[in-house]
Structures are given as C-alpha cells and as structure tokens.
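Data first, discussion second: the structure below is written as structure tokens.
The values are calculated or read from the model by the stated rules, or taken from the named source; none is laboratory data. All of these numbers come straight from a predicted model, not from anything done at the bench. Glycine gets a Cβ as well: all are built from the backbone with ideal geometry, and neighbour counts include every protein chain shown. Keep in mind that these areas ignore ligands, DNA and RNA; they rest on the heavy atoms of the full protein, side chains included. Shrake-Rupley method; radii C 1.70, N 1.55, O 1.52, S 1.80 Å.
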2 protein chains.
Amino acid sequence: MTHPFDKASALTSVDQNRLSGHTSPVYANLVGPFGGITSASLMRAVLEDDRRVGDPISMTVNFCAAVADGPYVITRKCARAGKYIQHWSLELVQGDRTCATATLVLARRLADFSHQPVPAPDVPAPEECAAYVPPKNIAYSNWINTYEYRYIEGSPPYGKPPKPELQPAISALWVKDVPDRPLDYLSLMALSDCFLIRLFHVRGTLVPMGTVTLTTHFIGSMDEIAEQGSAHLLGIADATRFHGNFHDQSMQLFSRTGKLLATGSQVVWFKE
Amino acid sequence: MTHPFDKASALTSVDQNRLSGHTSPVYANLVGPFGGITSASLMRAVLEDDRRVGDPISMTVNFCAAVADGPYVITRKCARAGKYIQHWSLELVQGDRTCATATLVLARRLADFSHQPVPAPDVPAPEECAAYVPPKNIAYSNWINTYEYRYIEGSPPYGKPPKPELQPAISALWVKDVPDRPLDYLSLMALSDCFLIRLFHVRGTLVPMGTVTLTTHFIGSMDEIAEQGSAHLLGIADATRFHGNFHDQSMQLFSRTGKLLATGSQVVWFKE
C-alpha cells in the first residue's frame, strides 16, 4: 500500500525536464497545499532523475502563489554538475502561473570528520509527552493530521483566548508521520515545514499569513536517516524578529538519538 | 568618488534581462571573488530593474563554480509579481558555465507590528574592542581587508598553532565596511557572508573549503538600514553540526542600536 505522503508527492514524467503532479486533499492547507508537501514534490523531481548524483544538502523553496487544487507541472534544470556536487533549479507551474521556484544542492559525502557542538536538548522521551489533540470546531488544516505532535513546550494556542501579553515564540516537540513511514530526505524536507507559524504562537490569533520562502539544510547523512526509521524526531522552532509584515522562523530536527539531521529557516508574511 | 564596493558590484545593462559585470581584485578570495560581493552583484541586478517593487526580504545564492577573474553576465527573471511581493530568479554565467544561481524575494512593507523576542547580546561597545590585525605572511584573502573586524569573542586562529581539542564555533564581533559606506541592502547582503568559515575556528587549520549556498533574511526595514549609516554592526556567527564534508553556519547582524537587521545561514563544503 502506498503511503499517503508518497501518493501526494508522486510525479509522472512528461519529458526529460518536466513532470506532472496533482494536489492531494490529505495535505491541504487553508489555502492551497501544505508547503512541506509541495517542497517534497519539488525534491522528488530531482531525486527521481537518472542524472542525479548524491544526496540533498540544501534546498530553498519560494512560495510565489497559492497552488490551486488540481494538476501542476514541475520543470527541473541541472544548473551545474561537478564530480561531487550538483546544483538544480526548479519551478512549479499551473498554466502560465509560477507557483513556486526552488534550488536544490546535492552532493556525494565521503569525509569522516563529524562534530556536533550543539547537543540535542535534554527533554522527556516521546512516550512521556501526550499526543496533541486540537479542540473541535476550529478552522484547522488537513495536513496537520498527517503528523503526530507531542509537545514538550510551546503547544499551539488553538481554541484558547489570546493573552494580553505576547507569548514566547519557541516550541519543542516530538513529531512523526501519520501513518508511520520510514524517514527519508523527502519526508525530512516536508517535516522542516511542519512547525506552525510563530506569529500564531506569539499573539495567539490567526490573521492571513504564510511562508514565502523556506530553506532547509540536510546535515544528517543517508545512513543516519535510515537508522531513524519511523521513530519520533525532536523538533525545535523559534523566531527572532517580527517586523513590517514579515518574520523569520528557524528550526532544528534531531534524530531519536540526538543527531542533528536538518536545520533551516523560513520567512513568513503576515497581514498585520 | 565611487566606493570600491559599488565599483566591484557595478553592472552594465546588456538587454532587458541581462547585465554584465567584472570581478574586482579588491574583493578577491583565495579562489574567485568573495561570495558576498557576488551576492551583492546578483541583488543589484534586481534592485536596478525598473520593474522592481519593494525591498529585499530574503535571498538565496548558490555558488556552483568558482568565478574566474574577468567579465561575467547576470540573467534576471521575474518569476512572479504580486501587488506586494515579487519573486526573482537569477543566474551568473561565464561563457557556458553557470557559476551561481539565486532567488530573491522583494516586498512592500506596511504593517506596524514589530516584536523582537531575541535582544542583541550585551557586549562591549566597538570603541572598547581592538580592530583585528592579522599576522603577516599568512595566505589571506584580499576581501577581508574591505571590512574592519572588532572581535568580542572568537577571533580567527590565523597564525596560531592548532590546539589539540576542538574550539568553539561561535564568534561575536563588530564589523563595518572599509572605507566607511552608509549601509544599504547591497552591503547588508555582502556582510551576511563576512564571517569566516566556522570549520577554521573549530579546528584551527585551513583545508580546501567554501560556501555552497547562502541564505539571508532581511528583517530590518529601509528606515532602520538608513538610520544605521556607516556605524559598526554587531555580528554573531555560529554552527551546529559538521558532518560528511559539510557544515551549517548561522549568522545574525544587529544594528548599532540592537535591532536585528538580518539573519541567515549557509552550508559550507570542506574537503576532510
């Protein structure tokens, strides 16, 4: 049985540099699909290319316009292929509208040197944290149900009255795919966008807002990702400044055993 | 008199979507130009376009191949133009070689809400910190002389014997252009790449290494950047993990008065 994640990010070859896909209601957001599934589809367009060399190192996805429910086309171009590093450029289009642009760096990784000056924070195990159940009758995106969230700190303010003072931007949580799915670079890409927008956590209110650009660095290697299997990842999300319609948002994803698999940041637009 | 930064990043229009530029020995790195000046040239290609709307919000530059000393051509394409947000795609080419790809998000910024949960660290004023003078007879890139660095913590290990144990990745420093130049988005872009590669700080040795991708978020607005003038900026650089030929590197740039103007991250390749 194909996992809903793989169905939702599946692509069909049109020609050497174009592939077609289709949005999935399972990963729907309030407007258009979850950015993480769009990003995974864009990455898949490269990972399924015969010319691909190595594994993802870094990906930037720019969300230019809401993807409408229905079919889309992804174009891929290898901008530069060295012996060890490849640079790809991507676009996701619907008709004559560019909905997303992206760049992806791949590399063969050989060096032995490994050093992680930032250890995983000392937190309770996932089994000790309750799975988050959002209140009923809340405008709530479908895609959120494709993850199991076990909050350690900073659970979302869904269904709570806003507090008079601004709240902390940080969340710490255990997260995994629902249903279980062994981790790979595609799901790690999507997980890097699984954190709710920090402005909601800080103000406790929902206004029109969305990610405009998302950058994820894949620091973990293939063997570490395989080792993770379908265990919970430890995720940390935070923000440093909200100003003039935009804020930054950073994230870290650690393996069950404390290896930093991915780091990244995004910029969020908000109306006011 | 034109500032060396503006000379080095100057472009001449070829046609509506192509501009030509030329590398400058003032901003030379050990191999090719300083990534910050290449990034500034790519940003300039958009900021000098009549179709431009708003100010930089986020830029990702991928360094695909060393830029050879000499002329280059930048191609620009507006992938999507909304009323408030524009998405641009860029390439820097020499002959048939793509040396860099980039994406740039611009936006008009109107909202009043401003909140900075992360204050600038409490550090000595620039006047209390000595300007860094590197030891003589060291292979040392020209571009480093285009900045004045006043280290608060984590000065570079140039000319020092490597220590037996790994050192911290973090540096905190005051930095500004040499000669003085009022801050703008172009110089802020370049400054986001002014921090030395963290692997050098951690191990104290120089091996072949270089930035493969650089993402900068411009959280500060135009008025805050203008207010900064040519004062020192407070820069923080750090890294979270070195593994399998790559490491991440993060940075924050605060104004003289503690406003977070830019945050960002890069991925660095290293040989071993």
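Does A:Val267 satisfy the criteria of being within 7 Å of chain B (Cβ to nearest Cβ), in contact (Cβ under 8 Å) with a residue 24 or more places away in the chain and within 22 Å of B:Arg109 (Cα to Cα)? Criteria met by A:Val267.
Could you list, in sequence order, the residues of the range A:237-260 that are more than 9 Å from chain B (Cβ to nearest Cβ), over 13 Å from the mean Cα position of the chain (by Cα) and not in a loop (DSSP other than H, G, I, E, B)? Spell out the reasoning first.
Looking only at the range A:237-260, we keep the residues that are more than 9 Å from chain B (Cβ to nearest Cβ), and these are A:237, A:249, A:251, A:253-258.
Retained after the next criterion (residues that are over 13 Å from the mean Cα position of the chain (by Cα)): A:254-258.
Hit for the range A:237-260 is A:Phe254, nothing else.
Scanning the range B:190-201 turns up no residue that is free of Cβ contacts under 8 Å to residues at least 60 places away in the same chain, crowded, with 17+ Cβ neighbours inside 10 Å and in a strand (DSSP E or B). Restricted to the range A:94-106, and to residues there that are open to solvent by 30 Å² or more (accessible area, probe 1.4 Å) and touching a residue at least 12 places away in the same chain (Cβ under 8 Å), the residue that is nearest to the other protein chains (Cβ to nearest Cβ) is A:Arg97.
Test A:Ser114 against the criterion of being of a type outside the set (Asp, Glu), touching a His at 6+ places or on another chain (Cβ under 6 Å) and farther than 21 Å from A:Ser187 by Cβ, and give yes or no. Break it down stepwise before answering.
Details: of a type outside the set (Asp, Glu): yes; touching a His at 6+ places or on another chain (Cβ under 6 Å): yes; farther than 21 Å from A:Ser187 by Cβ: yes.
Yes: the conditions hold for A:Ser114.
For the range A:135-155, indicate whether the set of residues that are surrounded by 12 or more Cβ atoms within 10 Å (Cβ to Cβ) and within 14 Å of another protein chain (Cβ to nearest Cβ) is non-empty. Yes, that holds for at least one residue.
Within the range A:162-172, the set of residues being out of contact with any helix residue (DSSP H, G or I) (no Cβ under 9 Å at 6 or more places or on another chain) and more than 12 Å from A:Arg203 (Cβ to Cβ) comprises just one member, A:Ala172. Across the range A:68-78, the number of residues qualifying as within 17 Å of A:Gln16 (Cβ to Cβ) and buried (at least 20 other Cβ atoms within 10 Å of the Cβ) comes to 2. If you go through the range A:207-228 and pick out every residue that is within 30 Å of A:Tyr158 (Cβ to Cβ) and exposed (fewer than 15 other Cβ atoms within 10 Å of the Cβ), you end up with 2.
Among the conditions (1) open to solvent by 30 Å² or more (accessible area, probe 1.4 Å); (2) away from chain A (no Cβ under 13 Å); (3) over 30 Å from B:Ala68 (Cβ atoms), B:Ala125 misses just one, which is (1). Scanning the range B:113-154 for residues that are assigned to a strand (DSSP E or B) and touching a helix residue (DSSP H, G or I) at 6+ places or on another chain (Cβ under 6 Å) turns up just one, B:Arg150. Note on the range B:48-67: residues that are open to solvent by less than 10 Å² (accessible area, probe 1.4 Å) and within 13 Å of B:Val212 (Cα to Cα) total 3.
A quick yes/no check of all residues on (1) closer than 28 Å to B:Asp248 by Cα; (2) within 20 Å of the chain's Cα centre (by Cα); (3) modelled with pLDDT of 95 or more:
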{"residue": "A:Ala10", "(1), (2), (3)": "no, yes, yes"}
{"residue": "A:Val14", "(1), (2), (3)": "no, no, yes"}
{"residue": "A:Ile37", "(1), (2), (3)": "yes, yes, yes"}
{"residue": "A:Ser41", "(1), (2), (3)": "yes, yes, yes"}
{"residue": "A:Asp55", "(1), (2), (3)": "yes, yes, yes"}
{"residue": "A:Val61", "(1), (2), (3)": "yes, yes, yes"}
{"residue": "A:Ala65", "(1), (2), (3)": "no, yes, yes"}
{"residue": "A:Ala79", "(1), (2), (3)": "yes, no, yes"}
{"residue": "A:Ile85", "(1), (2), (3)": "yes, no, yes"}
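Among the residues of this structure, B:Leu173 does not count as one that is within 14 Å of another protein chain (Cβ to nearest Cβ) and touching a residue at least 12 places away in the same chain (Cβ under 8 Å).
Residues considered: A:Leu42, A:Leu19, A:Leu110. Of these, the only one that is within 14 Å of chain B (Cβ to nearest Cβ), aliphatic (A, V, I, L, M) and open to solvent by less than 20 Å² (accessible area, probe 1.4 Å) is A:Leu42.
Against the criterion of being buried (at least 17 other Cβ atoms within 10 Å of the Cβ) and either part of a loop (DSSP other than H, G, I, E, B) or of a type in the set (D, E, K, R) (or both), B:Glu165 does not qualify.
Which residue, of B:Cys78, B:Cys64, is within 9 Å of chain A (Cβ to nearest Cβ) and not small (Gly, Ala, Ser)? Full working, then the answer.
Numbers: B:Cys78 fails: within 9 Å of chain A (Cβ to nearest Cβ).
Residue meeting the stated conditions: B:Cys64.
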